[in-house]
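What follows is a short report on a single structure.
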Amino acid sequence: MTTYQWFQMLVVLHVATGAVGLILFWVPVLGRKGGPAHRRFGRIFNQLMFATAATAILMALLNLRDPLGTHPHIADPEFTRNIFGWMMLYLGVLTVNLTAYGWNALLNRRDHGANRSVPNLALQLILFLLSLNTAARGVMVGQPLMVGISTIGFATVGTNLWFMFTARPRPVYALREHVKGLIGTGISVYTAFLAFGAVRFVPELALHPGLWAIPLVTGLATIIWHWAQLNRAHGSRKSVA
């Protein structure tokens with residue numbers, strides 16, 4: 001098989017797992033928290049996001065190795081390497097980081113020290129380095145979008161480490177980090193789907209900051225709303241106790 005054929009096969013798998021995952025995403029987000037549907041569809045969503053991220057990472061590596069082979073219609077191989085290679089690799093790892101972190105925050109809520117496992121810490125370091133690389137390359141090639149999108153990675157690493165190294169976080173914090181991680185995953189994948197999908201259908205909008213901002217603003221608003229609900233619920237329980 002040629003590089004292009006391998007790449008197209010990965011695109012099909014990526015779109016299939018990502019599209020199903022992003023539909024199921026709304027079941028735990030909008031449904032009753034902690035119920036059977038929330039847990040079942042949450043687990044399926046996690047698995048689909050890991051698969052989506054894995055195909056994105058493989059696609060990015062192919063774009064870095066053979067940009068003309070994967071995108072023969074784009075004459076500038078450096079553009080492909082930067083946007084479809086380095087930035088896609090960063091977004092793939094960001095998705096892995098957020099999914100794993102959000103899931104672990106919930107699983108480890110009774111053993112906070114387990115959040116500081118070697119794999120979890122390694123994920124923070126890898127994401128930090130890829131965020132730095134994305135920002136630096138964005139500056140070098142004059143692509144503000146790469147610089148802007150890298151700030152999500154820096155913010156993710158910073159807030160993750162703050163929680164992981166907080167000595168005795170309140171129980172509600174674990175739930176808040178669970179929400180942040182999994183909704184953050186949705187933001188990451190919706191952003192990639194909108195932007196890289198636009199490359200194929202509306203190329204002039206593909207790198208427009210406004211398009212990339214839609215999932216970010218929607219996701220942040222959803223996170224803040226859920227945090228407020230959690231704070232209210234746990235505040236009420238504390239006052240009753």
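We did not get these values from a lab; they are worked out from the coordinates using the rules stated. Everything numeric here is computed off the predicted structure, so don't read it as measured data. Methodologically, a virtual Cβ is constructed for each residue, glycine included, from the backbone with ideal geometry; neighbour enumeration extends over all protein chains shown.
Which one, (1) 35; (2) 14; (3) 24, gives percent of Cα pairs over 31 Å apart as derived from the coordinates shown? Answer by label: (3). Under 16 Å from a label point set 7 Å out along the Cα-to-Cβ vector of residue 61, the amide N atoms of the range 1-24 belong to 3-4, 6-11, 14.
For the peptides 219-230, 85-96, the ranking by packing is 85-96, 219-230, with the highest mean count of neighbouring Cβ atoms within 10 Å listed first. Put a dot 7 Å past the Cα of residue 8, heading toward its Cβ, do the same for residue 140, and the two dots end up 3.2 nm apart. Peptides 149-156, 9-16 ordered by packing proxy, namely the average of other Cβ atoms within 10 Å per residue, highest first: 149-156, 9-16.
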